[in-house]
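K.L.:
One structure coming up, written as structure tokens, with questions to follow.
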Amino acid sequence: MTQDFYETVACAICGSREYKVVYPATRKVVSQDQIIAMFKSSGDEPLTEQMVQCTQCGLLYVNPRLKASLIIGGYSAGDDAKFVSQEEGRMRTFVRCLREIEWYCPPGKVLDIGTAGGTFLAAAQRRGWIPVGIEPNKWLCDWGKRRYGVDIRQGTLDQQHFTPGSFDVVTLWDVLEHVPDPTKTLTDVAAMVKPGGHLVVNYPDMGSWIARLMGKRWVFVLNVHLYYFTQQTMKKLLDKVGFDVVRVKPHLQTLSLGYLCFRMHAYNRFLSKIGQTVTKYTMTENLQIPYWVGQTFVMARKR
Ligand SMILES: [Zn+2]
């Protein structure tokens, strides 16, 4: 029965089926409810699936893994109030990112894939961009439309009907490590970008010093993350789909101190509880903290 949930996949960059095991599986998913709970946008369950490394190109990924249809189904269902509670921090993060993007490209049409509650779209609109977002989760779509009045289409990119080459910039914030086939996603994305237009990807960098130091205990080694890119494998992937990297930098994210303490529960329940209590009584819960734990921002230009 449990076998039915899983599939074996080839390397998404080079197509090889040869790999070595980096971390063996420690548990198997056995029910549909487990899958839905696992794939919330704020899903933070430490990795229990098997992580492997392609012996040809070095890509790190989960294999075997839950079937792609189950993963998309998991994201489409359920609500995620904890995720949208971090609006202020996300807004600050996106304003910083938009300033960076505008060094290379003046405000134009931007498409945000996996936009969640649409906070990026709202930040972009305020700075003169014409934003459109795509999000598979209905609850998040409705929340974003109500909150910001922005254009969010429910579903995945291949369910939309955009004119090819009609966007100046396409963004994927914390998305690419979640998608079942990043080469397919980026190939579809590439078709939406104007020649000379830009792609912006933010991802947890498995090659960063902090990731290497923490190993399997690194905060981004999670069941929701199917791919673990480094700067080298990200560059190979972008090159494969027709993009040249123009900028790589550490990506600072802003979250409230209270939420950071809450997220720590996957790591250390005891410290998380203490942190949550202390921030509550000292009224520092909403203090906005920029932090970096290995996320990387990449901007690339379409050839
Ligand atoms: Zn490979």
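K.L.:
When the residues of the stretch 269-303 are narrowed to those that are basic (Lys, Arg) and in contact (Cβ under 8 Å) with a residue 12 or more places away in the chain, which ends up surrounded by the most Cβ atoms within 10 Å (Cβ to Cβ)?
P.N.:
Restricting to residues being basic (Lys, Arg) and in contact (Cβ under 8 Å) with a residue 12 or more places away in the chain, the top hit is LYS302.
K.L.:
Here's another thing I want to ask about it. Would you point out which residue out of HIS251, HIS265 is modelled with pLDDT of 80 or more and open to solvent by less than 80 Å² (accessible area, probe 1.4 Å)? First the steps, then the outcome.
P.N.:
Numbers: HIS265 fails: modelled with pLDDT of 80 or more.
One residue alone meets the criteria, HIS251.
K.L.:
Checking the structure you have, find out if any residue of the stretch 22-32 is within 16 Å of the ligand (Cβ to nearest atom) and open to solvent by 40 Å² or more (accessible area, probe 1.4 Å).
P.N.:
Yes - at least one qualifying residue is present in the stretch 22-32.
K.L.:
Answer with yes or no whether ASP112 is at pLDDT 95 or above and either within 30 Å of ALA25 (Cα to Cα) or polar (S, T, N, Q) (or both).
P.N.:
No, not satisfied.
K.L.:
What helices (runs of 4 or more DSSP H) completely inside the stretch 122-215 contain at least 3 residues that are buried (at least 23 other Cβ atoms within 10 Å of the Cβ)?
P.N.:
182-192
K.L.:
Quick one: is GLU18 of a type in the set (D, E, K, R), within 11 Å of the ligand (Cβ to nearest atom), touching a residue at least 12 places away in the same chain (Cβ under 8 Å) and over 21 Å from GLY215 (Cβ atoms)?
P.N.:
When the stated conditions are applied, GLU18 passes them.
K.L.:
Between a first residue in the stretch 128-149 that is in contact (Cβ under 8 Å) with a residue 60 or more places away in the chain and a second residue that is among the polar types (S, T, N, Q) and part of a helix (DSSP H, G or I), which pairs have beta carbons less than 7 Å apart while being 6 or more apart in sequence or on different chains?
P.N.:
Every condition considered, the pairs that remain are PRO136/SER76; ASN137/SER76; LYS138/SER76.
K.L.:
For the stretch 236-246, name all the residues that are closer than 28 Å to VAL52 by Cα and either touching an Asp or Glu at 6+ places or on another chain (Cβ under 7 Å) or touching a residue at least 24 places away in the same chain (Cβ under 8 Å) (or both).
P.N.:
Matches in the stretch 236-246: LYS236, LEU237, LEU238, LYS240, VAL241, GLY242, PHE243, ASP244, VAL245.
The values are calculated or read from the model by the stated rules, or taken from the named source; none is laboratory data. Everything numeric in this text was worked out from a predicted model, so none of it was measured. As a convention, Cβ positions derive from the backbone with ideal geometry for all residues, glycine included, and neighbour counts pool all protein chains shown. All accessible areas refer to the heavy atoms of the entire protein, side chains included, with ligands and DNA or RNA removed. Shrake-Rupley method; radii C 1.70, N 1.55, O 1.52, S 1.80 Å.
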